[in-house]
């Protein structure tokens, strides 16, 4: 395969900002690898590579020849609309197939491919582009993470990242208009997984801000992204009064605790006991102090740490930092707040048995794994009930409170004895 230093491509901004529906992650990786071949070899009517090299670039198993052929076949049928977000002001609108043609010679492992003249000109002479490392991108498993990473990389050094309408962002990701129409489903299935994978596996750190439609309660109309390179400069919207926080990402994530600026004993024992000894490091403790300065309750910090170290499958430290920022344990916190309100109102101790809490957790996992259509139907039913029973109270219109009601509805309509941890319905 090509040397790693040769696997940096200059991908034209107009190609990144396309409106191409239903592209798979393999197709996106394959077209980037073909761009790499073209830029390395210069102008040509036909380019060559091998199936083996393409599989490495797409992170496919050695036996996936049939998949390669189907994905390449699909690329010849996908039309891309250039300059979708109009970053390139000097260019007119264009449309072109991603791949003009492809041929695999039987028994040789040789792939020959060609681009349309319109697309080849963009590839070989990019006036504005994002440098992309296709070795790094081969490790991404979420198709939406690949698209979002390219978009963020394109604007990393720009003076501003454009604020996108939700519809424009969906089109940029290539999402079919019939999929994930309900925003909570879109956020849960598309947006959050893509951001988490970018933050975990790439050289960028990003987060986002949702903007509500003027005059419409609880309806989001736009999204704004903030991004910085993990070793470098922060980028944000000019003249915007909310700047993204820059985590401590320099150096070893598992730094020694004796290098801490803030002493561990400034953190209460109830919080500290949720942090395994080897993760009591500066980057995490600094994040805890930030949350304390914001006025976050000890229960907020404790439950998010507990949630993170229980759930994280990779890089628990980075997961815990993100949990504190984004309140991953929101559902658990809402449950605890609800218990406290009931305790004060009833002047009695309300305890939920371990079995009951376990059943609620199981049901929540079941609900979150429902197909989008079923999830949306249940969400709307719960939202209407909360609005009817608590008119004008925004506390009960939060996603976490609506999910609590969804759990209750689901549990009331199913036999409790049927709940098992492997339930799928």
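Odds and ends about this structure:
- Yes/no for residue 218 being assigned by TED's automatic domain parsing to the domain that holds residue 166, assigned to a loop (DSSP other than H, G, I, E, B) and at pLDDT 50 or above: yes
- Test: residue 110 is loosely packed, with under 15 Cβ neighbours inside 10 Å and touching a strand residue (DSSP E or B) at 6+ places or on another chain (Cβ under 8 Å): yes
- Some residue of region 368-380 being at pLDDT 90 or above, touching a helix residue (DSSP H, G or I) at 6+ places or on another chain (Cβ under 8 Å) and either under 27 Å from residue 179 (Cβ atoms) or assigned to a helix (DSSP H, G or I) (or both): yes
- Where helices (runs of 4 or more DSSP H) fall wholly inside region 276-336, the ranges with 1 or more residues that are outside the structural domain of residue 360 (by TED's automatic domain parsing), touching a helix residue (DSSP H, G or I) at 6+ places or on another chain (Cβ under 6 Å) and without any contact (Cβ under 8 Å) to a residue 24 or more places away in the chain are 298-311, 316-326.
- Scanning region 144-192 for residues that are touching a helix residue (DSSP H, G or I) at 6+ places or on another chain (Cβ under 6 Å) and either assigned by TED's automatic domain parsing to the domain that holds residue 375 or part of a loop (DSSP other than H, G, I, E, B) (or both) yields 180, 182.
- Residue count for region 93-124, restricted to those that are within 32 Å of the chain's Cα centre (by Cα), more than 19 Å from residue 9 (Cβ to Cβ) and in a loop (DSSP other than H, G, I, E, B): 2
- Residue identified as under 24 Å from residue 155 (Cβ atoms), out of contact with any helix residue (DSSP H, G or I) (no Cβ under 7 Å at 6 or more places or on another chain) and at pLDDT below 85 among 21, 5: 21
The values are calculated or read from the model by the stated rules, or taken from the named source; none is laboratory data. The structure displayed is predicted, hence computed values, not measured ones. Glycine also receives a Cβ, built like all others from the backbone with ideal geometry; neighbour counts cover every protein chain displayed.
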